[in-house]
1. Quick check on my filter: what residues within the stretch B:103-128 are in contact with a Leu (Cβ under 7 Å, 6 or more places away or on another chain), of a type in the set (Ser, Thr, Tyr) and within 9 Å of another protein chain (Cβ to nearest Cβ)?
2. Of all residues in the stretch A:74-128, which are within 15 Å of A:Pro156 (Cβ to Cβ) and not aliphatic (A, V, I, L, M)?
3. Restricting to the stretch A:105-157, name every residue that is closer than 30 Å to A:Gly67 by Cβ and touching a Gly at 6+ places or on another chain (Cβ under 7 Å).
4. Taking only the stretch A:40-65 into account, find how many residues are on the phi > 0 side of the Ramachandran plot and more than 9 Å from chain B (Cβ to nearest Cβ).
5. Name the residue that is surrounded by the most Cβ atoms within 10 Å (Cβ to Cβ), counting only residues in the stretch B:75-90 that are among the aliphatic types (A, V, I, L, M) and over 8 Å from B:Ala211 (Cα atoms).
6. Within the stretch A:29-66, which residues are of a type in the set (A, V, I, L, M) and at pLDDT 90 or above?
7. What do you reckon, is B:Ile202 without any contact (Cβ under 8 Å) to a residue 24 or more places away in the chain and closer than 26 Å to B:Leu57 by Cβ?
8. Which members of the stretch A:18-38 meet the condition of being closer than 22 Å to A:Val177 by Cα, small (Gly, Ala, Ser) and facing chain B (nearest Cβ under 9 Å)?
Amino acid sequence: MSEAPALSVAGVGHRFGARAALADVSLSVERGRFMALLGPNGAGKTTLFSVITRLYNNQEGRVAIFGHALDREPSRALARLGVVFQARTLDTDLTVEQNLAYHASLHGIARRAARERIAALLDRVGLADRRADKVRTLSGGQSRRIEIARSLIHRPSLLLLDEPTVGLDLESRADIVAIVRALVREEGLSVLWATHIFEEISPEDDAVVLHRGRIVARGTAGTIGQGAESLEDAFRRLVAEPGRKAA
Amino acid sequence: MSTSANPTAQRAPAHLGRLDAVGYLICLGGIVRRELLRFFNQKERFFSAMVRPLVWLFIFAAGFRNTLGVSIEPPYQTYVLYEVYVVPGLAVMIQLFNGMQSSLSMVYDREVGSMKVLLTSPYPRWLLLLAKLVAGVSVSVVQAYAFLAVAWFWETDIPPLGYFAALPAFLASGLMLGAIGLFLSSLVRQLENFASVMNFVIFPMFFASSALYPLWRIRESSETLYWICQCNPFTHAVQLVRFALYGQFEPVACAVVVGTTLAFFSLAVVAYDPGRGIMARRGGPAGDNA
């Protein structure tokens, strides 16, 4: 069990009626690694995240988190998992602390432990002074940082982030990348980061490219980019469609 | 910036939080607290929930006071004024609206994504839905008693002990209406469709019941309508509360309320199950098919 990867996705398929959103997707996030999930809009990234987080049924294939199969041990699997969804999911009428305390309770963390953890995490994301403020008074980048703090509240070992920097300015984007990179480096967190922003990826990161529900390339970001001018260039070629300029 | 595998990964700190019964109670408490916070943050929601039954009581019932006499029938031991008759029905009407309102907030949660956050909690989904239900019922019971407190000034004639005796009845009727709302929330895909729920669920349930008039009166005009009212679970919720307010127990009403609660809650659990759920078959929350 101790050898199991942080996340193992094996042969996962998902259909919406007749349309196949995912077909035979396999990937593995090793412990303590940062993996980038690249794909144009509509590639199936969010569907894959929904299957991993058990929002959708696992129709085909197998998902396991630290060796806990999602269909057999959903509680143990989900307890190890932290998620930052693409859409903003904070309660804007509640304060930062109320939002985080709510999430702590969803994971069965008692009040006192939650309070300490919230203080530590707000410190970590640099927003300790906004603890009592309503979420609606925060900027987009600050809300995102709070969402990252929230996803970490139960000390997950695997963090899933679905395009967490979309719609943010350059500085906020860099902040978020730096926070997550530090978590990988210092705390050994495993990360699956869906994106189509190439500046967020380092050559030594693991990466998979998802296109039309299938994985079309895998390796480190550096090897995927080999033979092309850049990773972005390689990506454009991989997802190019005849008669249409690629994303 | 290098993030290659490092030794600390093997000794990542243990998951915080617990998956046992205590953990679940913490989870339940958190969900109820959030619902109450949201409720008290939306003062207009509280007042509109209060205004509706009070308008019925102060205006409608006063207007019909002389036209709609109510003859003696249990639990009343004497002739009662129309205002006295409608109070239990109006209190349960608050719960009906509240049940549908929490269902609406489930649909809203699904649209804005906070439902996803709830469903990624490691606890079994039926426990999460039950927590949602309990949270909604807490709000609805607070509202029902706030209404009874105001109505008390209007000679509602309820014995003091009745207020205590009715608490379990209010909890049961709140659970039933909340469970119906929970199930409906799984059927309604978008917030805009909710107006039809109002028209096709709330109004028929409310009017085809014993909330505003005793059923024998309806039977006088139509036998069919009478049986429709008898089959309406809302009728039984009203009767359960009405009897309890006068310190009496109505076993048939209780059985119907408990049975309906179990049936709709089970349906909701199935609907929210990722394996069999309606959400999954429909492709999940709107705009999320990428």
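The values are calculated or read from the model by the stated rules, or taken from the named source; none is laboratory data. Not measured: the values here are computed from a predicted model. Reconstructed Cβ throughout: ideal geometry from the backbone, glycine too, with neighbour counts over all protein chains shown.
1. If the condition is that a residue be in contact with a Leu (Cβ under 7 Å, 6 or more places away or on another chain), of a type in the set (Ser, Thr, Tyr) and within 9 Å of another protein chain (Cβ to nearest Cβ), then B:Thr120, B:Ser121 are the ones that fit.
2. A:Pro74, A:Ser75, A:Arg76, A:Arg80, A:Gly82, A:Phe85, A:His103, A:His107, A:Gly108, A:Arg117, A:Arg124
3. Selection gives A:Ser105, A:Leu106, A:His107, A:Gly108, A:Ile109, A:Ser151, A:Leu152, A:His154, A:Pro156.
4. First, pick out the residues of the stretch A:40-65 that are on the phi > 0 side of the Ramachandran plot: A:42, A:44, A:54, A:61.
Remaining after also requiring more than 9 Å from chain B (Cβ to nearest Cβ): A:61.
So the count comes out to 1.
5. Restricting attention to the stretch B:75-90, the residues satisfying the condition of being among the aliphatic types (A, V, I, L, M) are B:80-81, B:84, B:86-87, B:90.
From the residues that got through so far, the ones that are over 8 Å from B:Ala211 (Cα atoms) too are B:80-81, B:84, B:87.
On the way: B:Val80: 19, B:Leu81: 18, B:Val84: 18, B:Val87: 25.
Within the stretch B:75-90, the match that is surrounded by the most Cβ atoms within 10 Å (Cβ to Cβ) is B:Val87.
6. So in the stretch A:29-66, the residues of a type in the set (A, V, I, L, M) come out as A:29, A:35-38, A:43, A:48, A:51-52, A:55, A:63-65.
Of everything in the stretch A:29-66, those that are of a type in the set (A, V, I, L, M) and at pLDDT 90 or above turn out to be A:Val29, A:Met35, A:Ala36, A:Leu37, A:Leu38, A:Leu48, A:Val51, A:Ile52, A:Val63, A:Ala64, A:Ile65.
7. Details: without any contact (Cβ under 8 Å) to a residue 24 or more places away in the chain: no; closer than 26 Å to B:Leu57 by Cβ: yes.
So B:Ile202 fails the test.
8. Of everything in the stretch A:18-38, just one residue is closer than 22 Å to A:Val177 by Cα, small (Gly, Ala, Ser) and facing chain B (nearest Cβ under 9 Å), namely A:Gly32.
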